[in-house]
Amino acid sequence: MALAKHILSKSTFMYGCQCPKRLFLHKFKREVRNPGDEQHQAILDAGTHVGELARQLFKHGVDASPPDHYSYHISVEKTKALIQRDVPIIYEAAFQYEGVLCAVDILVKQGKRWYAFEVKSTTSVKNQHIQDAALQYYVVRNCGLPLEDISIIYLNREYVRKGELNIKQLFTTQSILAEVLELQDDVAIKINELKALLAQREMPIVDIGPHCLAPYVCDFTDHCWAHIPKENSVFELMRAPSWELYDAGYIHLDEIPLDYELSSKVLKQLTHYRSGAIYIDKESIREFLEPLTYPLYFFDFETIMPGIPEFDDSRPYQQIPFQFSLHVQQKKESELAHFEFLGDGLNDPRPALIESMIDLLGSSGSIICYNMSFEKSRINELAQTYPEYEAALLSIHNRIVDLMIPFQKQWYYHPAFKGSYSIKAVLPVLVPELTYSDLAIQEGGTASFVYSQLKYQKKETVTVQREQLLAYCQLDTLAMVRILDYLKQMLQAE
């Protein structure tokens, strides 16, 4: 008798746990899903790569994966046959019980006992990992296979690569059996709820909420958030109780009473939005600018964060600087000079990047960054990793000034900032002629993705994308130059 098509999988079960409406839309209205993107696919591919590496902890297993996404019945039958043959290690072992399908990343038999392992590309065990493992335990046990234990295999954040990857040190294994057992009754109840929901074929009434964004960003937000205005909604308030306001019935900023209990910064955003007035504390800005000393160096890093360490002396998800842009103004009336560094996409960029930094940043003058904690943290990490450069790097570190401060502290506040003090919010307001919108790469996440993919591209594509990376990073530092010029000119205009 052929196996009936499953109703729920591990993924759809987790969708339903996060939001029943997400499950319904996934099953019956996929056409309203948000557009996909290459970066999301790259994250999925990276997770697959982590799973493949983890198999080396249990070598010589048999893969029970289906030939395609629509043929899991073949995988279920293959898994049954492998278990009957006492195959001790099975990858992607598939089980189906009462219409619920799951696949165990690694199923291991030791003696007469079976152990299940789920592989995650994170550096810790998350609540959602326990929840999806609880479903797997429920299905596997009800299929008649007793599990002695179930564990999560995840990346060891303390592992530092030295030469070839040490797979045993790269991963950490943690039993979650106790937590999984506590959830078994809840899993059974939730399965029945979700099956009933799907059988009714009526979209559940679920309002938007924090569940739209956690534990995963939902892929139907464009559909469910259609009633939220693109501009001036309560969700534009920075560090504000946006969900509290929404639940109280407020959607647009115009609707919020001014006597609503809000922090001083949020209240400033709201009042200046309504008045259209710009707030300027010239004295504080002047005190901030006075200590700046020439030459002025405008500096910005770009980084990648590979989950699997690609280079010696790096850890999982460590920020690896691969690029910088530098604008230099030697004296007040000097012409700007521009310098840049970009790794080749193949080798560890850090040694050459450090040498270029030290050579170009000199020994005196203010180094201006935007959100300096990022650059300072990377420089500290470089100094720790390369002690031969420590003195020079720490000297650079100590000269850094944060151009974000006047905006973060709201010494200069424009309602068009919408409460944000990021450079992407400030630049188009103060220097509208400079824009990221004309660039192929418009934000740091895309830059990281493009760089990480260079090694897979054709030569012609690499040439084009390197130019795109350089143009993006150059605009970051030119933006700082123009923002500083704006502040200076504003003070001189008194």
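The values are calculated or read from the model by the stated rules, or taken from the named source; none is laboratory data. Keep in mind it's a predicted model, so treat the numbers as computed, not measured. Because the Cβ atoms are built from the backbone with ideal geometry, glycine has one as well, and the counts that use them run over all protein chains shown.
Only residues that are closer than 30 Å to Ser242 by Cβ, loosely packed, with under 14 Cβ neighbours inside 10 Å and not β-branched (Val, Ile, Thr): list them for segment 275-308, please. Listed by number, the residues that qualify are Ser275, Gly276, Ala277, Met305.
Residue under question is Thr173, and the condition is that it be outside any strand (DSSP E or B) and within 27 Å of Pro309 (Cβ to Cβ); does it hold? So Thr173 does not fit the description; no. Among the residues examined, Val32 does not qualify as in the same structural domain as Thr122 (by the TED database), in contact with a Ser or Thr (Cβ under 8 Å, 6 or more places away or on another chain) and among the aliphatic types (A, V, I, L, M). Consider Glu231 carefully, then state whether it is of a type outside the set (A, V, I, L, M, F, W, C), assigned by the TED database to the domain that holds Glu52 and farther than 23 Å from Ser9 by Cβ. So Glu231 does not fit the description; no. Restricting Leu382, Leu360, Leu394 to residues that are crowded, with 21+ Cβ neighbours inside 10 Å and among the aliphatic types (A, V, I, L, M) narrows the list to Leu382. Inspection of segment 288-303 finds a residue satisfying the criterion of being out of contact with any Asp or Glu (no Cβ under 7 Å at 6 or more places or on another chain) and either farther than 25 Å from Lys488 by Cα or not assigned by the TED database to the domain that holds Leu454 (or both). Of the residues screened, Ser75 is one that is over 31 Å from the mean Cα position of the chain (by Cα), assigned by the TED database to the domain that holds Val139, among the polar types (S, T, N, Q) and surrounded by 15 or more Cβ atoms within 10 Å (Cβ to Cβ). Checking each residue in segment 247-258 for being exposed (fewer than 14 other Cβ atoms within 10 Å of the Cβ) and outside any helix (DSSP H, G or I) picks out Ala248, Gly249, His252, Pro257, Leu258.
For Pro415, the conditions (1) in contact with a His (Cβ under 6 Å, 6 or more places away or on another chain); (2) under 25 Å from Leu336 (Cβ atoms) are fulfilled apart from (2).
Conditions (1) surrounded by 13 or more Cβ atoms within 10 Å (Cβ to Cβ); (2) free of Cβ contacts under 8 Å to residues at least 12 places away in the same chain; (3) over 27 Å from the mean Cα position of the chain (by Cα), marked per residue:
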| residue | (1), (2), (3) |
| --- | --- |
| Thr172 | yes, no, no |
| Ile176 | yes, no, no |
| Ala196 | no, yes, yes |
| Ala199 | no, yes, yes |
| Ile208 | yes, no, no |
| Leu213 | no, yes, no |
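Quick check, is Glu340 part of a loop (DSSP other than H, G, I, E, B) and acidic (Asp, Glu)? So Glu340 does not fit the description; no.
Looking only at residues in segment 351-388 that are part of a helix (DSSP H, G or I) and in contact with a Leu (Cβ under 7 Å, 6 or more places away or on another chain), the one that is nearest to Phe301 (Cα to Cα) is Ile379. The condition (being in contact with a strand residue (DSSP E or B) (Cβ under 6 Å, 6 or more places away or on another chain) and either surrounded by fewer than 21 Cβ atoms within 10 Å (Cβ to Cβ) or on the phi > 0 side of the Ramachandran plot (or both)) is satisfied by just one residue among Phe339, Phe374: Phe339.
The residues listed here are Glu261, Glu244; of these, the one that is outside any loop (DSSP other than H, G, I, E, B) and not assigned by the TED database to the domain that holds Tyr421 is Glu244. Scanning segment 215-230 for residues that are touching a residue at least 12 places away in the same chain (Cβ under 8 Å) and assigned to a loop (DSSP other than H, G, I, E, B) yields a total of 9. Give the number of residues within segment 100-115 that are without any contact (Cβ under 8 Å) to a residue 40 or more places away in the chain and buried (at least 23 other Cβ atoms within 10 Å of the Cβ). The qualifying residues number 2. Against the conditions (1) over 15 Å from Ser314 (Cα atoms); (2) acidic (Asp, Glu); (3) free of Cβ contacts under 8 Å to residues at least 40 places away in the same chain, Glu164 satisfies every one except (1).
Against the list (1) more than 30 Å from Ile43 (Cα to Cα); (2) of a type in the set (Gly, Ala, Ser); (3) touching a residue at least 24 places away in the same chain (Cβ under 8 Å), the condition Ser377 fails is (1).
In segment 49-145, counting only strands (runs of 3 or more DSSP E) that sit wholly within it, the ones holding 1 or more residues that are more than 21 Å from Leu194 (Cβ to Cβ) and small (Gly, Ala, Ser) span 89-97, 113-119.
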